[in-house]
Amino acid sequence: MASDGELKVTSPVESIEALTKEADSLKAKLEEERQKLNDVALSTVADRLEVITYLNIKPRRVLKGHQAKVLCSDWSPDKRHIVSSSQDGKMIIWDAFTTNKEHAVTMPTTWVMACAYAPSGNLVACGGLDNKVTVYPLSLEEDVSTKKKTVGTHTSYMSCCTFPNSDQQILTGSGDSTCALWDVESGQLLQNFHGHAGDVMALDLAPSETGNTFVSGSCDRMVLIWDMRTGQCVQSFEGHQSDINSVKFHPSGDAVATGSDDSTCRLFDLRADKEVAIYSKESIIFGVNSVDFSVSGRLLFAGYNDYTVNVWDSLKCVRVTLLYGHENRVSCLQVSPDGTALSTGSWDYTLRVWA
Amino acid sequence: MVTMSSDKSAARRKADSNNGSHAGGSAGYHQTTGSNEDTPNHLVYRKMEQIIEKMQDEASGVPVKTVKSFMSKIPSVFTGSDLIMWMMKNLDVEDQNEALHLAHLMAAHGYFFPIDDHMLTVKNDNTFYRFQTPYFWPSNCWEPENTDYAVYLCKRTMQNKTRLELADYEAENLARLQKMFSRKWEFIFMQAEAQSKVDKKRDKLERKVLDSQERAFWDVHRPMPGCVNTTEIDIKKACRMNKPLKSSRHLHLGVAGGRISPSTSDAEIATPLEQMKRHIAMLKQRLDRRNIKVSKVAEACISYFEQYVEYDCFFTAPEYTNPWISDSPELWEQEKIAKEISSRRVKRWAFSLQELLADPVGREHFIKFLDKEFSGENLKFWEAVQELKALPQKDVQDKVNEIWAEFLAPDASCPVNVDAGSYEITKKNMENPDRWSFDVVASHVYHLMKSDTYSRYLRSEMYKEFLNGSKKKTSVKGIRSIVSFSARKETATS
C-alpha cells in the first residue's frame, strides 16, 4: 500500500491532512470491498422458507407491584424468577411463574437503570444514576440490603450490566462512554474498554464457548465488539441514524441485532463484517428500546416506545406480529433462558410474561 | 421572582407563520429551540408531523368540516372513522388495530384531539376530532411551567361557560397550585385576567377552536389521571442531554475517544494525530479481514434456524407442556430429575461440543467416553481454565500455578499434549500470569477435542446406543448408572 510512507511524516499539521486523506481513501476502499460481498439480500435467500403464520403469543402473567416505570429486568438462570428495577428506587425479585414477589429491595438511589442476575441465581447487581454497580446476595433469612456491596464506580450513570459467566465478575456500561469489567469481591477494575464516543446504552456477552468477547451499543450510533482479555475493540459496525439502545448476540454468536431510536432494528454479521438486514416499516415511527432472539434466532422481539412489541422474522425481514398490552413504553424485554417465554417491562409500572 | 415569558417565547417561536391568531399572546409558554432537537422524543415528533402534514393536505387529507348542531356550529372537525379510514389507505399499517393504535399515540402527543374529552384517544366512530395548531405541538414547546398552568386554570374559572368548567382533577390541581404560589397568586390572577380579556375579543368560532386547542395542550402536558404523559423523557437520554457535547463526532469508527473513565490517565488521552493514526490502523485492519459474502451468511442463519427450530418453543411445543401456558412446571421438574432423557435432547449433543458440554448429562456421558479412551485430561484442563476465568481476582494466582503444575509443567500429574508454539506462549505468559494466561493452549486443546475426540464420540457406539435408548425414553436405571459411574470416577481421581 502506498500509505506506508505517509505514516512517517512528522510535521503534525501536514500529517493530519495527509492522514485524513488516507483515511478517506481507505474508507472508500472498504466500502467497495463491502459492496462486493453484498451479492444477495438475506431476505431473498430466505424466500424458500415458509412464511410464519402460526404464532400464537399471548400475555400469560402480569407482574404488578412497582410504583414507577420499570426500566430493566433480567431472567434468573432457573427460568422462572425475574429481577426488575424501577424508577421508584425498588428492585423486586419475582417468582414470575406464581407472580409472587420474593424480595423487594430499596435502593440507595431512586434512579435504578439496570439490574442483572448472576449465573448462580444467588446474587443480583444493579445501579444507575449513582454511577455505581452494587451487588446484593439473595437470601431468604435476612434483609437483602444488609449484605449489599458496591463493586465499581463510573464517572457517569451506569446504564447496563451483566455477569460474564461468573458470579465473581461484572461487566458494566456507562454514560461515561466506557465499559468496565470488575472483580466482585475486591471491587478491582480488571479491564476497561475505551472506544465509544457517546454514552454506552447496552451490552451483551457472546454466547461462544470461551465467552471472551462482548458487544456494546452506544449513543455514538456505533456497535463495538470487544476482547475482554485485552480491552481492545476488535470489530465495529455503523449504520444506525440515532442512539443504539439495545444489542443482542444471535444465538449462533456470529451476528448481533440492534435496536435504535431511529425506529429500526438491524442485524450485523461478524463474519461478513457488515450490516446484513434492517427491520423497519414506514408506520413504525417510535424508537426501539430492547431486542432479543428466540432460541432458533428466527424471531427477533423488539420493544418500542409506542407501547408495543414487534415480532420480526429475522430471516425474511418482515414483521410477523404485534404484541399489544402495555400501556406505556416498553423499556426492556428478554427471552427466558430456556426460550419458553418472553418477559417485557414497561413505563406502565408492570412486567408481563408472554408465551 | 418568576417572570412570565410571553414575549420572550413569542420572539423565539418557530412556527410563527402558522400562528397569526396567537401573535397577541393569549398564552405564552416557555420554548426552547436548537439543542434538544436531536433528542429521541423530537425524532418521533418530526415523523408524526410529517404524517400530520399529509393528513392536513386539502385535496388528499382527512376531510375537515364545520358541522351544524342545534343552534350552533362546530368548526373544523373530522370524525374518528374518517381518520382511521384515511390512515388505512395512506399509511402502511397492517390492520385497523394498528391504525387505531397509531392514531391513539398521535392523539396522546396532542397532534389531534377529541373536541370534548380530556382523554386523548381515538375511537373509530363519529366522535369529532380537531387538529392541533403547530404552535402547541410538543416539538415547539419546552416543558411548560406550573405558573403557566396556574394562569391557564385560573383563566378557565373566569369564563363561566359550562363547556369550560374545570374537571375534578383540574380543580384539585388549581387548589394545589394556589397553595404553592400563594404569595404570587395576585400576579397569576392578573395574568389570567389579561389573557381572558384578549380572548373575549375574538370571533366566537375562532374562540371555540382556540379554547379546545389550549385545553388539548394542557391535556398533553398535565394529563388527566390515568393517562400517559407523552412528553416524559427517558432518564438515560435526559442525562445524556445534560452533558456537554462530545468530541470526535467525525470519527465514526470505534477508535479510542479519550473519554474520562475510572482509570484513564492523562497519558492515555490521545492527541488528534494519534487518534487519526489509530483510526487508520483500524481501517487497514478491517481491509485485511477475510469476510464472507451475504449469501453465505444467509445460508448459515437459515441452517441454524433449521437445526434449532425443534428447540424453539415459539415454533415447536416442548416435550412437556410449556409451563407458562399450561401452568404446570412439569417441564422444569423433569429437567431437574434427569429421569428420562428424550432423544431430541440427546440429538442436540451432536450439534456442537459446546451443546454437549452445556447439558450436565451430556457432559457426564462424554467424560465416560473420554475415560474409556484415556484422554480425560483434555476436558479436565479445559474446564479448569474456564473455572480460572470465573474466579475472584485474589484466587487467580494460586489457580494459575495449580493448573500449570497439574497439566503443563514438565512433571505434571495429568499432562496435556500441546504444540510447541502454544506451549512457548503460555510459558511466557507464566512470567506475568493472569486469568487469561492459558487461553491460547486452552483453545488449542478445545479445537483438538472438537475435531478429534468429539467427532469420534459422535460416531461411537456409546453415543448411538444412548441416542437409540433415549428414543424409548431411557430407563431411570440407565442414567443413574452413568451419573454414579462418573461420580465414582471423580472421587477416585481426587
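The values are calculated or read from the model by the stated rules, or taken from the named source; none is laboratory data. What you see is a predicted model, and the numbers here were worked out from it, not measured in a lab. Backbone-built Cβ (ideal geometry, glycine too); neighbour counts: all protein chains shown.
Taking the criterion of being within 14 Å of chain A (Cβ to nearest Cβ) and in a helix (DSSP H, G or I), would at least one residue in region B:208-218 satisfy it?
So far as region B:208-218 goes, no, none of its residues is within 14 Å of chain A (Cβ to nearest Cβ) and in a helix (DSSP H, G or I).
Pull up region A:222-235, narrow it to residues that are part of a strand (DSSP E or B) and surrounded by fewer than 20 Cβ atoms within 10 Å (Cβ to Cβ), then point me to the one that is modelled with the lowest pLDDT. Lay out the reasoning, then the answer.
Taking region A:222-235 first, the residues part of a strand (DSSP E or B) are A:223-227, A:233-235.
Then keep just the ones that are surrounded by fewer than 20 Cβ atoms within 10 Å (Cβ to Cβ); that gives A:227, A:234.
Values: A:D227: 96, A:V234: 93.
Among them, the one singled out is A:V234.
Among A:G127, A:G211, A:G152, A:G198, which is more than 12 Å from chain B (Cβ to nearest Cβ) and either in contact (Cβ under 8 Å) with a residue 40 or more places away in the chain or within 26 Å of A:H81 (Cβ to Cβ) (or both)? Steps first, please.
On the way: A:G211 fails: more than 12 Å from chain B (Cβ to nearest Cβ); A:G152 fails: more than 12 Å from chain B (Cβ to nearest Cβ); A:G198 fails: more than 12 Å from chain B (Cβ to nearest Cβ).
Just a single option satisfies the conditions, and that option is A:G127.
Looking at A:D292, A:D313, A:D254, A:D227 in this structure, which one is closer than 30 Å to A:Y54 by Cα and over 16 Å from the mean Cα position of the chain (by Cα)?
A:D313
Would you be able to say whether some residue in region A:314-326 is outside any loop (DSSP other than H, G, I, E, B), touching a helix residue (DSSP H, G or I) at 6+ places or on another chain (Cβ under 8 Å), modelled with pLDDT of 95 or more and within 8 Å of chain B (Cβ to nearest Cβ)? Write out each step before concluding.
First pass over region A:314-326, keeping only residues outside any loop (DSSP other than H, G, I, E, B): A:318-323.
Then drop every residue that is not touching a helix residue (DSSP H, G or I) at 6+ places or on another chain (Cβ under 8 Å), which leaves A:318, A:322.
Narrowing the set further to residues that are modelled with pLDDT of 95 or more leaves A:318, A:322.
In the following step, the residues that additionally are within 8 Å of chain B (Cβ to nearest Cβ) were identified as A:322.
Yes, region A:314-326 contains a residue that is outside any loop (DSSP other than H, G, I, E, B), touching a helix residue (DSSP H, G or I) at 6+ places or on another chain (Cβ under 8 Å), modelled with pLDDT of 95 or more and within 8 Å of chain B (Cβ to nearest Cβ).
Looking at region B:297-322 only, could you name the residues that are over 21 Å from A:T321 (Cα atoms) and in contact with a strand residue (DSSP E or B) (Cβ under 6 Å, 6 or more places away or on another chain)?
B:V297
Against the conditions (1) modelled with pLDDT of 90 or more; (2) surrounded by 18 or more Cβ atoms within 10 Å (Cβ to Cβ); (3) out of contact with any Lys or Arg (no Cβ under 7 Å at 6 or more places or on another chain), where does B:S328 fall short? Just the number, please.
Against the list (1) modelled with pLDDT of 90 or more; (2) surrounded by 18 or more Cβ atoms within 10 Å (Cβ to Cβ); (3) out of contact with any Lys or Arg (no Cβ under 7 Å at 6 or more places or on another chain), B:S328 comes up short only on (2).
Is there a residue being free of Cβ contacts under 8 Å to residues at least 60 places away in the same chain, among the hydroxyl-bearing types (S, T, Y) and surrounded by 15 or more Cβ atoms within 10 Å (Cβ to Cβ) anywhere in region B:136-148? Spell out the reasoning first.
Start the filter on region B:136-148 by keeping residues that are free of Cβ contacts under 8 Å to residues at least 60 places away in the same chain, which leaves B:146.
Checking the rest, the ones that are also among the hydroxyl-bearing types (S, T, Y) come to none.
Checked region B:136-148: no residue is free of Cβ contacts under 8 Å to residues at least 60 places away in the same chain, among the hydroxyl-bearing types (S, T, Y) and surrounded by 15 or more Cβ atoms within 10 Å (Cβ to Cβ).
Please go through region A:273-290 and give me each residue that is touching a Cys at 6+ places or on another chain (Cβ under 8 Å) and under 21 Å from A:T44 (Cβ atoms), ordered by number.
Let us first name the residues in region A:273-290 that are touching a Cys at 6+ places or on another chain (Cβ under 8 Å), namely A:277-280, A:288-290.
A:A277, A:I278, A:Y279, A:S280, listed by residue number.
Could you please find all residues in region B:346-399 being of a type in the set (S, T, N, Q), away from every other protein chain (no Cβ under 11 Å) and in a helix (DSSP H, G or I)?
The first filter runs over region B:346-399 and keeps only residues of a type in the set (S, T, N, Q), leaving B:352, B:354, B:375, B:378, B:386, B:393, B:397.
After this cut, where a residue has to be away from every other protein chain (no Cβ under 11 Å) as well, the list is B:375, B:378, B:397.
Within region B:346-399, B:N378, B:Q397 qualify.
Residue check: is B:H109 in contact (Cβ under 8 Å) with a residue 12 or more places away in the chain, more than 14 Å from every other protein chain (Cβ to nearest Cβ) and under 30 Å from B:Y169 (Cβ atoms)? Give the steps one after another, and end with the answer.
Working: in contact (Cβ under 8 Å) with a residue 12 or more places away in the chain: yes; more than 14 Å from every other protein chain (Cβ to nearest Cβ): no; under 30 Å from B:Y169 (Cβ atoms): yes.
Criteria not met by B:H109.
How many of the residues making up region B:74-89 are under 22 Å from B:T133 (Cα atoms) and within 14 Å of chain A (Cβ to nearest Cβ)?
Here is the first cut: in region B:74-89, the ones under 22 Å from B:T133 (Cα atoms) are B:74-84, B:86-87.
Right, trim to within 14 Å of chain A (Cβ to nearest Cβ) and you get B:84, B:86-87.
Qualifying residue count for the region: 3.
Identify the residue in region A:137-151 that is crowded, with 19+ Cβ neighbours inside 10 Å and modelled with pLDDT under 95 and, among all such residues, is farthest from A:L333 (Cα to Cα). Walk me through how you get there before you give the answer.
First pass over region A:137-151, keeping only residues crowded, with 19+ Cβ neighbours inside 10 Å: A:138, A:144, A:151.
Among the residues that remain, those that are also modelled with pLDDT under 95 are: A:138, A:144.
Numbers: A:L138: 23, A:V144: 25 Å.
Here the residue is A:V144.
Can you pull out the residues in region A:163-194 that are more than 7 Å from chain B (Cβ to nearest Cβ), buried (at least 22 other Cβ atoms within 10 Å of the Cβ) and not aliphatic (A, V, I, L, M)?
A:F163, A:Q169, A:T172, A:G173, A:S174, A:C179, A:W182, A:F193
Look through B:K277, B:K336, B:K293 and report the one residue that is farther than 25 Å from A:A255 by Cβ, without any contact (Cβ under 8 Å) to a residue 60 or more places away in the chain and surrounded by 14 or more Cβ atoms within 10 Å (Cβ to Cβ). Walk me through it before giving the result.
Numbers: B:K336 fails: surrounded by 14 or more Cβ atoms within 10 Å (Cβ to Cβ); B:K293 fails: farther than 25 Å from A:A255 by Cβ.
That would be B:K277, the only listed residue that is farther than 25 Å from A:A255 by Cβ, without any contact (Cβ under 8 Å) to a residue 60 or more places away in the chain and surrounded by 14 or more Cβ atoms within 10 Å (Cβ to Cβ).
On the given criteria, is B:D359 in contact with a Gly (Cβ under 7 Å, 6 or more places away or on another chain) and of a type in the set (D, E)?
Details: in contact with a Gly (Cβ under 7 Å, 6 or more places away or on another chain): no; of a type in the set (D, E): yes.
No; evaluated as a whole, the condition is false for this residue.
Name the one entry in A:C160, A:C219 that is crowded, with 20+ Cβ neighbours inside 10 Å and at the interface with another protein chain (Cβ under 8 Å from one of its Cβ atoms).
The unique qualifying residue is A:C219.
Which numbered condition trips up A:V295, out of (1) more than 22 Å from B:M87 (Cα to Cα); (2) buried (at least 24 other Cβ atoms within 10 Å of the Cβ)?
Only one criterion is unmet by A:V295, namely (2).
Among residues belonging to region B:440-454 that are in contact with a helix residue (DSSP H, G or I) (Cβ under 9 Å, 6 or more places away or on another chain) and polar (S, T, N, Q), point out the one that is farthest from the other protein chains (Cβ to nearest Cβ).
Result: B:T453.
Inside region B:149-180, can you point out the residues that are more than 13 Å from B:R215 (Cβ to Cβ) and buried (at least 17 other Cβ atoms within 10 Å of the Cβ)?
Passing the criteria: B:A150, B:V151, B:C154, B:N173, B:L174, B:L177.
Out of region A:75-126, which residues are among the β-branched types (V, I, T), surrounded by fewer than 16 Cβ atoms within 10 Å (Cβ to Cβ) and in contact with a Ser or Thr (Cβ under 8 Å, 6 or more places away or on another chain)?
A:T106
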